[in-house]
1. Name the long-range amide H neighbours of Arg41: under 5 Å, sequence gap of 5 or more, or other chain; modelled H, no Pro or chain starts.
2. Hey, any idea what the orientation-averaged projected area of the convex hull of the chain's Cα atoms comes to, in nm²?
3. When only the heavy atoms of the protein chains count and the probe is 1.4 Å, how do Arg80, Arg124 rank by accessible area, highest first?
4. With all protein chains present, calculate the accessible area of Tyr158 using a 1.4 Å probe and round the result to the nearest 10 Å².
5. What number comes out for accessible area per residue over the stretch 59-99 if the probe is 1.4 Å? Units Å², please.
6. What fraction, in whole percent, of alpha-carbon pairs in the stretch 12-119 exceed 19 Å separation?
7. Whole angstrom only: what separates the Cα centroid of the stretch 123-175 from the Cα centroid of the stretch 56-102?
8. How about the stretch 82-152: which chymotrypsin sites (Phe, Trp or Tyr not before Pro) there lie in a loop by DSSP and see at most 15 other Cβ atoms within 10 Å?
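The values are calculated or read from the model by the stated rules, or taken from the named source; none is laboratory data. This structure is a prediction, so every number in the text was calculated from the model and none was measured. We place every Cβ from the backbone using ideal geometry, glycine too, and count neighbours over all the protein chains shown. Calculation scope for accessible area: heavy atoms of the full protein, side chains included, ligands and nucleic acids excluded. Shrake-Rupley method; radii C 1.70, N 1.55, O 1.52, S 1.80 Å.
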Amino acid sequence: VANTCGQCHAFLEERLNQSVHGGGGGPGSLVEERAPGKPARRPSCVDCHQGHDQPDPHSAVFRQQLPQRCGNCHADYSLRYGMSLHGELSRMGYEPAAECSDCHGAHDILPVSNPQSRLATENRLQTCRTCHPSAVANFAAFDPHADPKDPDRYPWLYRISSGTDVIVYFLFGLFAIHAFFWFLRSLIHTLERGRDARLQPG
């Protein structure tokens with residue numbers, strides 16, 4: 001597929017071949033070690049640019065679909081992105097919200113360990129400044145894929161998330177107990193005295 005598309009989009013094919021998606025046997029090639037829930041081959045053009053009626057890649061519609069397109073292979077990251085500020089803004093239709101390609105790149109995605117990657121330690125701040133011109137070094141430490149269920153990598157986020165869950169479950173439990181006793185008392189009242197007379201017009 002990449003060779004077919006490359007007949008007109010040679011420059012993009014060249015960048016894709018050098019990216020993390022094109023490594024090994026190239027786009028669309030089979031992968032030796034398949035991760036759980038991941039496809040058995042590397043992504044190719046049609047995995048992101050689907051169908052004949054696809055929107056223009058520069059359009060707002062295409063940009064807002066990016067998390068779902070990337071999520072076809074990276075479901076865990078897509079889900080956690082959706083819970084971040086960027087993901088929430090994107091879901092609400094805010095066009096300037098950062099999508100996957102704004103941080104990772106499009107056809108030229110490289111591993112974070114590669115010094116040429118947009119998210120390499122020395123390049124990350126400059127990438128953030130594309131949307132946030134006044135960003136400082138500490139700003140670049142933001143993790144849009146933070147996992148509140150991972151106590152090892154995100155201990156404070158895990159504690160706050162767990163604490164919030166406890167409070168929510170406690171309040172709903174208290175509400176359920178309150179509603180049960182209210183129902184019980186109303187039932188006893190009705191059995192002892194019968195139903196209250198309905199109000200009549202006038």
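1. The list, which skips near neighbours in sequence, is Val31.
2. Reported value for the Cα convex hull: 21.3 nm².
3. So, going from the largest accessible area down, we get Arg124, Arg80.
4. Its accessible surface works out to 80 Å², give or take rounding.
5. I get 57 Å² per residue for the stretch 59-99.
6. Value for the stretch 12-119: 48 percent of Cα pairs lie more than 19 Å apart.
7. Cα centres, the stretch 123-175 to the stretch 56-102: 18 Å.
8. Sparse-neighbourhood loop chymotrypsin sites (Phe, Trp or Tyr not before Pro): Tyr94, Phe142.
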